[in-house]
Amino acid sequence: MGTKTKIALLCMTSWALGACEKELVSDEPIDTESSVSVITRSINEEETISLPVDLYVFNYESKEFIRHERITDKEAPFSFSLPKGNYSVYAIGGANEDLYIFPKDEEVTEESEIVLKKEKEHADLMTTHKNIELSEEKNYELTLNMERQVVELSDVTIQDIPDDISSVSFYLSSCFRAIKINGELSTDSIQYHKLINEGEGVWRLPHPVMTLLNPDSVSIHISMTKDNGTVKEYTYQCTEDLIKNHQIFITATYQENVNITGSITGSSWTGTKDITFIFGDNITKNNEIVIPNNETIINETTPNPRTSYKDCYVLKVDYSKEDYNEVILLHKKDFNIDPAEKTESEVLNEIKDNLSQLTVNDISGWRLPNYSEVDTIIKEHGAFKSQGASIGSDYYLFLDNEQLKLFISERILIGLTYEFGTVYRPVTILKFKK
């Protein structure tokens, strides 16, 4: 007699009000050691699990990929067979081949990415993970609590936009293009969202959009293009973390050379929070709420890579932008941090605090490099040395999805360990008009 194992998929959402469930168990026995029957269940009749749901099963000990199953119909019974053993089960709901690129089953691992296709928008992605042991002939019940991973931008409205503005767009920082099988977010992404002109100075997001983001330290970047082609960009650093599984409403009012007032609300927040930040050309450094840094497009000749600009090294130049060239500057000095008796989070916060106060010839906005940037720092060692650069380390700290990691000159990527040192080299970005 076979073992029957039940898996329940439970949708956890912030809009849940009631409870309902439907068991979908096949009446036909499966002649194997263990069978897995899937139950889909939602807390709220109006909030169902995002379909399809892709189930990835791995051997718990060896991490070997076992099988990939897809649930496409919440009303139809669904079951599959597994031999006895210990397994890790990952579920991803809402992704499909129209929007995403899936890893091939013969190559899949727990670290494999499901990547959003170009010019597509994220679906209502949900994930979960559970370990299960099939050890004896009995009925198993495994509940997988599906958790929504996206933030929904329900509405973005900017008011009192001047008549000579021909285009308005925005993006959120700390966004991601991919989600791994194990549920981790991956692949940094900047996705511009164009607003439409509704007349009388009101520009609005045409439809709600889903986004994957790191909820900590999110900033809103607004770009306004005048009829003559001049582009101005402004940044607001959110003072509150945005929370996944929330509907976000952003309302802003532009006042030339003064400020922008607005509010961000979430569906489960206790009220509306008003936020105020500079949204004009008269920016001062002693504004206590936010200081937009390096967002103005500089009307100068774009410096070339491997040269200097204002006593900083030009690490990379991105010429692909439509209205400007993006220049990544490298600080001329290494910095060290003492990790004694500190957690990794405390070390990261101390580095961020130090960099927030760093300026070089009025250039600010310094941060830790990402993987690509720190790789270039090591590879271009000789070029910068010829300019008198002091790149004296074989390893540098960099930031990957808000996690500190080390890059070794031999291209070995390891998790943070202080035995290899605590050296970092800041970078920042400037924009130059084409």
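Here are some notes:
- Any hit, region 352-363, residues being open to solvent by less than 60 Å² (accessible area, probe 1.4 Å) and hydroxyl-bearing (Ser, Thr, Tyr): no
- All positions within region 101-122 that are of a type in the set (S, T, N, Q) and over 19 Å from the mean Cα position of the chain (by Cα): THR109
- Listed by first and then second residue, the pairs with beta-carbon distance under 7 Å, at least 6 apart or on different chains, first residue in region 338-352 and within 19 Å of TRP366 (Cα to Cα), second outside any loop (DSSP other than H, G, I, E, B) and open to solvent by less than 60 Å² (accessible area, probe 1.4 Å), are VAL347/LEU404; LEU348/LEU404; ILE351/TYR424.
Every residue, every condition in (1) out of contact with any Asp or Glu (no Cβ under 8 Å at 6 or more places or on another chain); (2) open to solvent by 70 Å² or more (accessible area, probe 1.4 Å), yes or no:
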site	(1), (2)
ASN304	yes, yes
ASP318	no, no
ASP323	yes, no
ASN336	yes, yes
LYS342	no, no
GLU346	yes, yes
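For (1) touching a His at 6+ places or on another chain (Cβ under 8 Å); (2) at pLDDT 80 or above; (3) in a loop (DSSP other than H, G, I, E, B), each residue gets a yes or a no:
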residue: ASN245; (1), (2), (3): no, no, yes
residue: ILE250; (1), (2), (3): no, yes, no
residue: ASN286; (1), (2), (3): no, no, yes
residue: ILE289; (1), (2), (3): no, no, yes
residue: PRO305; (1), (2), (3): no, yes, yes
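- Only one of the listed residues (TYR313, TYR324, TYR309) is in contact with a Pro (Cβ under 6 Å, 6 or more places away or on another chain), of a type outside the set (Asp, Glu) and modelled with pLDDT of 80 or more. That residue is TYR309.
- Spans of strands (runs of 3 or more DSSP E) in region 346-434 with at least 3 residues closer than 15 Å to VAL314 by Cβ and either at pLDDT 65 or above or within 27 Å of the chain's Cα centre (by Cα) (or both): 427-433
The values are calculated or read from the model by the stated rules, or taken from the named source; none is laboratory data. Given the structure is predicted, the values throughout are model-derived calculations rather than measurements. Don't worry about glycine lacking a Cβ; one is built from the backbone with ideal geometry, like all the others, and counts go over all protein chains shown. All accessible areas refer to the heavy atoms of the entire protein, side chains included, with ligands and DNA or RNA removed. Shrake-Rupley method; radii C 1.70, N 1.55, O 1.52, S 1.80 Å.
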